[in-house]
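Visitor: Starting off with a structure, shown below.
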């Protein structure tokens, strides 16, 4: 089998062509020696190798209804330029792939495992939009398409741009002894209402001066994410937006876990959490994995939408607020996420992770036994008021306005 690993299919074909002629012209003992050499070189099963060499290049005829087929063992398949050659017939033609590509680009280039359930829950809104060209027959095929098929057809179109931002967390010196450290959420503690909190700095290439911030809250259980634009990191703005998030959440806010930044570790937020019976914990200094849920959303939700530019004007801050008004319901009600549900330690010391099927935060809350029927009805009512295609189009328009405002600011700045 070692030799077979060194030979590709083209080399095996060439070897079979040359050996088959000698094999058929040799005697019984000669065929045995040739067969042994051939099996050692290719790794083929001995019976299969004997059958292959005996029939290599010979034509066989099969009758298929009115048509007679001529099959030749070992012949290279004929490939016609621009046409699908051999194999099963294609399920998805160019028109179907074009519609799939348009949906993929419109929804922000998700992977196949996320795009497949997104199409399933948004198909009614997508089909109503003429831009995607989804007829009834195509609609049924898109509902059946698998994640692997999506990734295979979009492989050539997938381009990733990886950028990294700055960490501008400044430690809050006070209250550290009063706020307990939480390093992780155990599996039985992961129920709706416990949020991780963080801020994202929109400072661009330099952290000098004042610039906008994004406040991110992520529910550990469901992945429900709320983001708010801040003019700066002042304690009052963080507390004010935290109060606003609590008031608009369809379920109770039970706990907040933050990093050690001074925007969270301060008297205002600590006293408010204490007065409202909200558990307040913090991660260890310089350990981002202690807040892994919200750190992931900082990249996937915030950076992926508004980028790494510097936003430091009132106009840009207002546009960030407008963007987040569409982004939050779109992410929470319509965009599925993949969530880890367990880890198994293997004999070699490594871990094998198990993941749930992709679900939206909305679906996870509906499935939770800790959410009351009244809250679930309210969630359903709010979701029915949203249209994912309309939300995404308005989101794209606001992002375009934000970028135009940013570039106009750069061009007008004194040199």
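Visitor: Mind checking whether some residue in the range 240-252 is surrounded by fewer than 22 Cβ atoms within 10 Å (Cβ to Cβ), touching a helix residue (DSSP H, G or I) at 6+ places or on another chain (Cβ under 6 Å), assigned by TED's automatic domain parsing to the domain that holds residue 340 and closer than 25 Å to residue 287 by Cα?
Guide: Checked against the condition, which is being surrounded by fewer than 22 Cβ atoms within 10 Å (Cβ to Cβ), touching a helix residue (DSSP H, G or I) at 6+ places or on another chain (Cβ under 6 Å), assigned by TED's automatic domain parsing to the domain that holds residue 340 and closer than 25 Å to residue 287 by Cα, the range 240-252 yields no hits at all.
Visitor: Looking only at the range 249-265, how many residues end up being part of a loop (DSSP other than H, G, I, E, B) and at pLDDT below 90? I'd like the intermediate steps shown before the answer.
Guide: Filtering the range 249-265 for residues part of a loop (DSSP other than H, G, I, E, B) gives 249-254, 259-260, 262-265.
Applying the additional criterion that residues be at pLDDT below 90 yields 259-260, 262-265.
Number of matching residues: 6.
Visitor: While we're here: Please work out if residue 357 is loosely packed, with under 12 Cβ neighbours inside 10 Å and either modelled with pLDDT under 95 or not assigned by TED's automatic domain parsing to the domain that holds residue 102 (or both).
Guide: yes
Visitor: Of the conditions (1) touching a helix residue (DSSP H, G or I) at 6+ places or on another chain (Cβ under 7 Å); (2) part of a helix (DSSP H, G or I), residue 390 clears all except one; give me its number.
Guide: Residue 390 satisfies all of (1) touching a helix residue (DSSP H, G or I) at 6+ places or on another chain (Cβ under 7 Å); (2) part of a helix (DSSP H, G or I) except (1).
Visitor: In the range 44-78, which residues are at pLDDT below 85, surrounded by 10 or more Cβ atoms within 10 Å (Cβ to Cβ) and part of a loop (DSSP other than H, G, I, E, B)?
Guide: Matches in the range 44-78: 56, 57, 58, 73, 74, 75.
Visitor: Going by the conditions given, is residue 342 in the same structural domain as residue 228 (by TED's automatic domain parsing) and crowded, with 17+ Cβ neighbours inside 10 Å? So that I can check it myself, show each step before the final result.
Guide: Details: in the same structural domain as residue 228 (by TED's automatic domain parsing): yes; crowded, with 17+ Cβ neighbours inside 10 Å: no.
No, not satisfied.
Visitor: Let me ask something else. Would you point out the residue of the range 253-286, among those that are crowded, with 20+ Cβ neighbours inside 10 Å and in contact with a helix residue (DSSP H, G or I) (Cβ under 6 Å, 6 or more places away or on another chain), that is farthest from residue 199 (Cα to Cα)?
Guide: Applying the filter and picking the extreme gives 253.
Visitor: Can you tell me how many residues within the range 267-283 are modelled with pLDDT of 90 or more and assigned to a loop (DSSP other than H, G, I, E, B)?
Guide: 3
Visitor: Would a scan of the range 236-244 turn up a residue that is in contact (Cβ under 8 Å) with a residue 12 or more places away in the chain, under 20 Å from residue 323 (Cα atoms) and in a loop (DSSP other than H, G, I, E, B)?
Guide: No, there is no match, as no residue in the range 236-244 is in contact (Cβ under 8 Å) with a residue 12 or more places away in the chain, under 20 Å from residue 323 (Cα atoms) and in a loop (DSSP other than H, G, I, E, B).
Visitor: Every residue in the range 367-376 that is buried (at least 16 other Cβ atoms within 10 Å of the Cβ) and assigned to a helix (DSSP H, G or I), please.
Guide: Within the range 367-376, 375, 376 qualify.
Visitor: Across the range 192-221, what is the total count of residues that are over 20 Å from residue 327 (Cα atoms) and not in a loop (DSSP other than H, G, I, E, B)?
Guide: Residues that pass the stated criteria total 2.
Visitor: Same structure again: From (1) out of contact with any helix residue (DSSP H, G or I) (no Cβ under 6 Å at 6 or more places or on another chain); (2) farther than 30 Å from residue 131 by Cα, pick out the condition that doesn't hold for residue 371.
Guide: (1)
Visitor: So residue 39 passes all but one of these: (1) at pLDDT 85 or above; (2) over 18 Å from residue 9 (Cα atoms). Which condition number does it fail?
Guide: (2)
Visitor: What number of residues within the range 304-353 satisfy the criterion of being part of a helix (DSSP H, G or I), more than 15 Å from residue 405 (Cα to Cα) and in contact with a strand residue (DSSP E or B) (Cβ under 7 Å, 6 or more places away or on another chain)?
Guide: Keep residues of the range 304-353 that are part of a helix (DSSP H, G or I), which gives 304-306, 314-333.
This time we only want the ones that are more than 15 Å from residue 405 (Cα to Cα), so: 304-305, 324-333.
Next cut, in contact with a strand residue (DSSP E or B) (Cβ under 7 Å, 6 or more places away or on another chain) only: 324, 327-328, 331-332.
Final tally of qualifying residues: 5.
The values are calculated or read from the model by the stated rules, or taken from the named source; none is laboratory data. Computed from a prediction, not measured in an experiment: that's the story for all the values here. Counting neighbours? That spans all protein chains shown, and the Cβs are built from the backbone with ideal geometry, glycine included.
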